[in-house]
Amino acid sequence: MTRQTLEVLAVASEIFPLVKTGGLADVVGALPAALGRQGVAVTTLVPGYPPVLAALDRSGAALVLPDLFGGPATVLSGAVAGLDLLVLSASHLYERPGNPYLGPDGRDWPDNAIRFAALAAVGASIGRGAIRSYRPAILHAHDWQAGLTAAYLAYGGPRPPASVMTVHNLAFQGQFPASLLPRLGLPDDAFRFDGIEHHGMIGYLKAGLQLSSHVTTVSPTYADEIRTVEGGMGLDGLLRYRSDAVSGILNGIDTRVWNPASDPLIAAPYKASSLNGKPANKAALQERLGLSVMPDAPLFGVISRLSWQKGLDLLPAALPRLIAGGAQMVLLGAGEPELETAFTTLADAHPGTVACTIGYDETLAHQIQAGSDFLIVPSRFEPCGLTQLCALRYGTIPVVSKVGGLADTVADGRTGIVFDAVNEAGLAAALDRAIALHHTPRAFKALVRCGMAQDVSWDAPAKAYANLYRALAGRAQH
């Protein structure tokens, strides 16, 4: 007897490979295929940004909306790269250049509250059956941009479908003025402490946490951390109150995209049983970035948003220690201007030893994972983190702080180097350990191979999500 396919509508503001600003896109893009193997069919509703519309293999208009927050809109149905999509095409909201959230001046688009309320409202409408031939059993909203989906479900009539709210990073909450309430089309009584109100503002993420059937976050340890005063960022009381409906499901990575044995973006393939290609990738990375080609130099990589959260303000002070130990460092990232300046200044001061690329380059990210000996992730808090999972897959030893998903995925002395105190001394001690390990080839290779043996795929997380969906769908039917 075969298990019936469960239909899930995901609502998200970005999805790899079409539009990506961070790990959210990777998760939303990779999870559907793994869920398909669990008997769950995922369709994802995303905004109609220009690159999404350009790539969409359209099968027609699934829903026409004459007036969506000030302009006409159409929900297009189609597929890209094996992903089943519903694309909210609304030129007045989404057809803009560059970043999905930021204008040309680097600031948030002034109408982001409306842009992502529209996404949530349409998601809820589809969940309630607006597309005649499609009625999902579960709505799965991702991060604050989709947080109001649960509000539109809750205040839109009886018997809404079950919903899941996934928090990818509690630091980004989507807080907007209460004066927007009439424009959002939500009733006055939604603006309550047990609704969408949060400290006198409209809280998009808070709405999702309050009103969804279940809340997940992207690692078990982070699920515990956000229920504390220290880690809850003002939402810990709500999360403790809803503790029975909060769980952590560890992220995975797409092991088809991230596979050193078949990755077309790297210089030479390799695998755990035969690491012969790893040195060639190191040399190619050193050459590309203008570093001295030194096979025996410990090479540290950083692929990150440059921010206080990521702990990268601690790294410039530790860099002289690395250089004195004969090491090199490559960095790929963008973020806080003062950190960008600090790292570019260090690269200019240490040619051949330090290389810094500001921005994001998917090909270079693969090459750094394949060519580095170590990957530095010194986050002050980290919901899950994906770069350390890619590092494990590529035989690059993670050097990580003991927080969130980093603590759940890297075992100190077995698959990586883990440090407790997220400060300059703690990071420096961890980097000293890494250099010492690199000078002990047998122990170094043992960690490399143990890391590569870890299952970092979506298989186990997808099974956990599928079990959660089925449990919620079963309850909704009673």
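Annotation: Cα Rg of the chain relative to the compact-globule expectation 2.2 N^0.38 Å equals 0.99. For the residue pairs LYS402/LYS463; LYS20/LYS445; LYS402/LYS445; LYS282/LYS310, the alpha carbons lie more than 28 Å apart in LYS20/LYS445. Counting beta carbons within 10 Å around each of SER307, SER262 and listing the fewest first gives the order SER262, SER307.
Principal axis analysis of the Cα atoms in the stretch 411-473 yields extents of 53, 29, 11 Å, listed in decreasing size.
The three principal axes of the Cα atoms in the stretch 187-341 give end-to-end lengths of 65, 36, 26 Å, sorted in falling order. Over all directions, average the projected area of the Cα convex hull of the stretch 1-152 and note it in nm². Approximately 9.0 nm², given one-decimal rounding. If you plug the beta carbon distance of ARG183 and LEU102 into 1/(1 + (r/R0)^6) with R0 = 22 Å, you get a FRET efficiency near 0.50. The separation of the stretch 290-352 from the stretch 208-277, counted between C-alpha centres, amounts to 26 Å.
Using a 10 Å Cβ count of at most 16 others and DSSP loop calls, identify the longest part of the chain lacking such GluC sites (Glu not before Pro).
Values: sites that count: GLU95, GLU230.
With a cap of 16 other Cβ atoms within 10 Å, the longest stretch comes to 231-478.
Taking the square roots of 5 times each eigenvalue of the Cα gyration tensor of the stretch 183-270, largest first, gives ellipsoid semi-axes of 38, 17, 11 Å.
DSSP loop (so not H, G, I, E, B), at most 11 other Cβ within 10 Å: list which chymotrypsin sites (Phe, Trp or Tyr not before Pro) in the stretch 140-227 pass both filters.
In loop regions of the stretch 140-227 (DSSP not H, G, I, E or B), the sparsely surrounded chymotrypsin sites (Phe, Trp or Tyr not before Pro) are PHE193.
Restricting the calculation to Cα atoms, every distinct pair contributes to the Kirkwood radius of the stretch 229-300, found to be 16.3 Å.
Where Rh is the Kirkwood radius over the Cα pairs of the stretch 278-358, the temperature 20 °C and the viscosity 1.002 mPa s, what D in µm²/s does Stokes-Einstein return?
Values: Rh = 12.8 Å.
It diffuses with D of about 168 µm²/s by this estimate.
Counting neighbouring Cβ atoms within 10 Å and putting the fewest first, the residues HIS168, HIS140 line up as HIS168, HIS140.
The residues CYS384, CYS450, when put in order of fewest to most other Cβ atoms within 10 Å, stand as CYS450, CYS384. Local charge for GLN173 was computed over the other residues whose Cβ lies under 15 Å away, with Lys and Arg +1 and Asp and Glu -1, and equals -3. If the chain linking SER273 and MET233 were pulled fully straight, counting 0.36 nm for each residue of separation and taking away their Cα-Cα distance, it would gain 10.0 nm. Across the stretch 277-452, counting alpha-carbon atoms alone, Rg and Dmax equal 14.3, 41 Å.
None of the figures in this text is laboratory data; all of them are computed from the coordinates on show. All of these numbers come straight from a predicted model, not from anything done at the bench. We place every Cβ from the backbone using ideal geometry, glycine too, and count neighbours over all the protein chains shown.
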